[in-house]
Amino acid sequence: MRTDYTSQLETILGHTDTFDRKVRRKPALSPQAVNLHIRRWLAGKLIGYVISLLSIIIFLWGWNTLSVHKINFGLDFANVPSAQAVAKHLAHAAASKAFYINVLVSVKRVWLAFAAASLLGCVLGLSLARISIMRHIFLPFVEIFRPIPAIAWIPLAILMFPTTESSILFIVFLGAIFPVILNTYQGATEVPSQLLRAARSLGASRLSVLWHVIIPSSLPNIATGLSVGMGIAWFSLLTAEMIGGQNGIGNYTWESYQLIKYPDIIVGMITIGVLSTVSSGLINLMCKPLLRWSGHR
């Protein structure tokens with residue numbers, strides 16, 4: 001005999017068949033079906049990797065052809081080093097201790113400034129979203145300072161800070177913090193009001209609502225802000241090191257230009273791109289376990 005609860009659910013769903021279809025568990029997949037799914041998944045991954053590899057090969061071939069034949073059709077490739085020359089210089093740099101010192105110095109600067117920007121940016125973003133007085137005080141400054149490029153801060157940073165190192169860290173910090181603030185602020189303001197009312201009706205304190213509702217709901221936006229902030233941090237570092245740095249990948253790239261070592265310029269560019277991609281990937285990897293509930297990838 002059906003219970004009253006079941007009958008009510010049937011009424012809500014509209015029909016007994018609909019109810020049975022909603023609550024019935026999906027049948028277990030057979031081993032053949034599982035193998036088929038695995039093969040399809042592997043085939044899709046393999047096709048994606050092959051397409052990516054082919055696109056890189058075609059790009060390198062086109063770049064090398066244009067440079068070797070010194071093609072000029074609006075873009076002059078006469079002085080652009082070929083892919084082969086860059087590969088040779090990259091191998092030489094990979095065998096040089098000084099190159100790795102420059103890499104380590106740049107990585108240290110980025111992660112120190114990024115860690116400070118992430119912590120302060122998340123706190124400020126949450127505060128701006130949930131505390132009106134904080135929003136009225138600080139949000140105008142965020143909107144004014146946010147569009148100013150990192151290179152415009154360099155003269156002022158040199159005047160304000162006693163050492164070149166601290167001025168570089170400050171510029172990288174500024175580049176990373178604004179995406180974190182704005183994405184955290186956006187995520188915290190978009191928390192569904194139903195969740196907030198439900199938590200308060202259950203007796204949750206303001207701190208509990210912040211920790212168990214607002215922050216988890218904002219995590220996808222925070223993760224996006226951290227990833228974007230890391231990319232801008234590397235861009236800001238390159239600018240700062242080119243102008244005021246004594247070492248680092250940015251300084252290595254700028255010195256290569258001054259010494260007319262054009263292949264080394266591209267080696268520096270490739271190194272910065274790889275380091276930025278790896279850093280953003282690490283951020284996404286660290287955030288991924290916290291975002292399983294949202295289906296965020």
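The values are calculated or read from the model by the stated rules, or taken from the named source; none is laboratory data. These numbers come from a predicted model, not from an experiment. Cβ: placed from backbone, ideal geometry, glycine included. Neighbour counts: every protein chain shown. With ligands, DNA and RNA removed, areas are computed over all heavy atoms of the protein, side chains included. Shrake-Rupley method; radii C 1.70, N 1.55, O 1.52, S 1.80 Å.
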Rounded FRET efficiency, nearest 0.05, which uses the C-beta distance separating Ala115 from Phe161 and R0 of 22 Å: 0.75
With each label point set 7 Å from Cα along the Cα-Cβ vector, what nm distance links Leu195 and Val274? 4.0
About its Cα centre, how strong a charge dipole does the chain have in debye, to the nearest 20, once Lys and Arg get +1 and Asp and Glu get -1 at the Cβ? 1040
What percentages, rounded to whole numbers, describe P(r) for the chain computed over all alpha carbon pairs with 5 Å bin width beginning at zero? 1, 5, 8, 10, 10, 11, 11, 10, 9, 7, 6, 4, 3, 2, 2, 1, 0, 0
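In Å², and per residue, what accessible area does the chain have when probed at 1.4 Å with the other protein chains present?
Working: 19100 Å² over 297 residues.
Averaged over the residues of the chain, the accessible area is 64 Å².
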With θ taken as phi - 60° and the coefficients 6.51, -1.76 and 1.60, list the Karplus ³J(HN,Hα) couplings across the stretch 220-236 in order, rounded to whole Hz; mark glycine and proline as x. x, 5, 4, 4, 5, x, 5, 5, 5, x, 5, x, 5, 4, 5, 4, 5
Which order do you get for Arg206, Arg109, Arg39 if you rank them by accessible area with a 1.4 Å probe, largest at the top? Arg206, Arg39, Arg109
Quote the charge dipole size of the stretch 25-180 about the Cα centre in Debye, to the nearest 20; the model charges only the Cβ of Lys and Arg (+1) and of Asp and Glu (-1). 780
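Tell me the mean residue ellipticity at 222 nm calculated for the chain from its helices only (DSSP H runs of n ≥ 4, each -39500 (n - 2.57), averaged over every residue, nearest 500).
-26500 deg cm²/dmol
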Amide H neighbours of Ala204 under 5 Å, at least 5 residues apart or on other chains, H built in the peptide plane: list them. none
Given contacts defined as C-alpha pairs under 8 Å and at least six residues apart, what's the relative contact order of the chain, whole-number percent? 18
Kindly write out, for the stretch 57-65 in residue order, the coupling ³J(HN,Hα) from the Karplus curve 6.51 cos²θ - 1.76 cosθ + 1.60 (θ = phi - 60°), rounded to whole Hz, with x marking Gly and Pro. 4, 5, 4, 5, 4, x, 4, 5, 5
Using +1 at the C-beta of Lys and Arg and -1 at the C-beta of Asp and Glu, which of Phe170, Leu202, Gly187 has the Cα lying farthest in the positive direction of the dipole of the stretch 129-207? Leu202
